[in-house]
Amino acid sequence: QVQLVGSGGGLVQAGGSLRLSCAASGSFFSINAMGWYRQAPGNQRKLVATITSAGDTNYADSVKGRFTISRHNAKNTVYLQMNSLKPEDTAVYYCAADLYYSSSYPPRYYWGQGTQVTVSS
């Protein structure tokens, strides 16, 4: 099994900061990339940021300059530092890992439970 456990969400005022963490655990072959996605009520789940095992990053335009994704490969853990938060950032944030469960299968995304981030004005 593969388990992704995210944490760090909460309620914060506009302009504040939060740091999300997510660790992948269980049995799997390797991880290609990890990332964060978010989903607001009535909206699709969208990419926030991703990072490969080599350190290449990708950000949604709406969070560039405010959010920073990082990864501790040895711990299979991804972080999302969120600064200058806006009410528009309010959503459930899901961590994800693109990984090989087994070398016999192609890689696919695995999802965490999600953590609520609420930004008040």
Of all residues in the range 5-38 being more than 12 Å from Gln81 (Cα to Cα) and of a type in the set (Phe, Trp, Tyr), which is surrounded by the most Cβ atoms within 10 Å (Cβ to Cβ)? Tyr37
Among the residues of the range 46-81, write down those that are within 12 Å of the chain's Cα centre (by Cα), of a type in the set (D, E, K, R) and surrounded by fewer than 16 Cβ atoms within 10 Å (Cβ to Cβ). Lys46
Can we say Ser103 is among the small types (Gly, Ala, Ser), touching a residue at least 40 places away in the same chain (Cβ under 8 Å), surrounded by fewer than 20 Cβ atoms within 10 Å (Cβ to Cβ) and in a strand (DSSP E or B)? no
State the number of residues belonging to the range 22-54 that are within 13 Å of Phe67 (Cα to Cα) and of a type in the set (Gly, Ala, Ser). 2
Quick check on the range 51-73. Is at least one of its residues touching a strand residue (DSSP E or B) at 6+ places or on another chain (Cβ under 7 Å), in a strand (DSSP E or B), of a type in the set (Phe, Trp, Tyr) and free of Cβ contacts under 8 Å to residues at least 12 places away in the same chain? yes
Going through the range 11-59 one residue at a time, which ones are among the β-branched types (Val, Ile, Thr) and either out of contact with any Gly (no Cβ under 6 Å at 6 or more places or on another chain) or over 18 Å from Pro107 (Cβ atoms) (or both)? Val12, Ile31, Val48, Ile51, Thr52, Thr57
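Since every read-out is calculated from the coordinates, none of them should be taken as a lab result. What you see is a predicted model; the values in this text were computed from it and never measured. Note: ideal-geometry Cβ built from the backbone for every residue, glycine included; neighbour counts use all protein chains shown.
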